[in-house]
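Student: Below is a structure I'd like to ask you about.
The values are calculated or read from the model by the stated rules, or taken from the named source; none is laboratory data. Nothing here was measured: the structure is a model prediction, and the numbers come from that model. Note that each Cβ is placed from the backbone with ideal geometry, even for glycine, and that neighbours are counted across all protein chains shown. In case anyone asks, the SASA skips ligands and DNA or RNA and just uses the protein heavy atoms, side chains included. Shrake-Rupley method; radii C 1.70, N 1.55, O 1.52, S 1.80 Å.
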Amino acid sequence: MASSESVANYFIQKSFDTGVPLTPMKLLKLVYIAHGWHLGYFHTPLINDGVQAWRYGPVIPKLYRQIKHYGRGEIDAPLFGHGKLGDGSEPPPHEQTLPLLDRVWEVYSQYDGVRLSAMTHLPDTPWDKVWRASGGDNYSGAIIGNDLMEEHYRGKIAAASQGG
């Protein structure tokens, strides 16, 4: 497993390389989505940090604390003190991790953070299930388990392979 910061730095570098801006909300959602697809395809977690159900979707609190100072602005620097996944300081957890991250960037970077958040709020998503089961606004911060995310993304993979 990798740190959420090293995965975030991978996407931050992609942002610099492509000129596609990243806000904290967008970065949090990209890391979450990549984690979900990683679980779905490889049955192993991408990140070693917990994911919680917050009002605006799934959040990795440790990562959030490091980028919240940007507010709604663009992230303009890598996360200090952390390498980029695949740069030698932290090896990817699977041989296909980096191609998966590239594909996540290719597909999802076109959306802003609000749109990505809306995608994670759809009915029957892991966030939705945990948010409803834990009382929603009455209790923010319930853990979204890897098993629930893996089941959800495996279902998306199966549906796509069946043309649906």
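Student: Students often forget the sequence filter, so: which aspartates and glutamates lie under 20 Å Cα-Cα from Lys14 once same-chain residues fewer than 8 apart are removed?
Tutor: Result set, ordered by chain and number: Glu5, Glu74, Asp76, Asp87, Glu90, Glu95, Asp102, Glu106, Asp112.
Student: Using a Förster radius of 22 Å, what is the FRET efficiency between Ala77 and Thr18 based on their Cβ-Cβ separation? Nearest 0.05, please.
Tutor: Result of the calculation: an efficiency of 0.85.
Student: Can you list the HN-Hα couplings for the range 66-79, worked out from phi with the Karplus curve (6.51, -1.76, 1.60; θ = phi - 60°), rounded to whole Hz and with x for Gly and Pro?
Tutor: 7, 10, 5, 5, 6, x, 9, x, 7, 6, 10, 7, x, 6
Student: Sticking with this structure for a sec: In whole percent, and with a 1.4 Å probe on the protein chains, what portion of the accessible area of the range 26-88 is carbon and sulfur?
Tutor: The value for the range 26-88 is 50 percent carbon and sulfur by accessible area.
Student: Quick one: which residues, 5 or more positions from Ala142 or on another chain, have an amide H under 5 Å from its amide H? H modelled 1.01 Å from N in the peptide plane, none for Pro or chain starts.
Tutor: Amide H to amide H, under 5 Å and 5 or more residues apart or across chains, Ala142 pairs with Ala53.
Student: Now for a different question. Anything over 21 Å Cα to Cα? Flag those among Lys68/Lys156; Lys84/Lys129; Lys129/Lys156; Lys62/Lys156; Lys29/Lys62, in the order listed. Show your work: numbers first, answer last.
Tutor: Working: Lys68/Lys156 30 Å; Lys84/Lys129 32 Å; Lys129/Lys156 16 Å; Lys62/Lys156 27 Å; Lys29/Lys62 14 Å.
Going by Cα-Cα distance, Lys68/Lys156; Lys84/Lys129; Lys62/Lys156 fall outside the 21 Å limit.
Student: Asn146: net charge of surrounding residues, Cβ under 14 Å, Lys/Arg +1, Asp/Glu -1, itself excluded?
Tutor: Here the count lands on -2.
Student: Karplus couplings for the range 80-95 from phi (6.51 cos²θ - 1.76 cosθ + 1.60, θ = phi - 60°), rounded to Hz, Gly and Pro as x?
Tutor: 5, x, 10, x, 9, 3, x, 8, x, 6, 9, x, x, x, 8, 4
Student: Could you list which residues have their amide H under 5 Å from that of Ile47, counting only those 5 or more apart in sequence or on another chain, with H placed in the peptide plane?
Tutor: Under 5 Å from the amide H of Ile47: Ala2.
Student: Can you give the accessible area per residue of the chain, in Å², using a 1.4 Å probe?
Tutor: With all protein chains present, the chain gives 50 Å² per residue.
Student: As a test of the formula, what do you get for the chain when each DSSP H run with n ≥ 4 contributes -39,500 (n - 2.57) and the sum is divided by the residue count, at 222 nm and rounded to the nearest 500 deg cm²/dmol? Don't jump to the answer; show the numbers that get you there.
Tutor: Details: 7 runs with 85 residues, N = 164.
Result for the chain, helices only: -16000 deg cm²/dmol.
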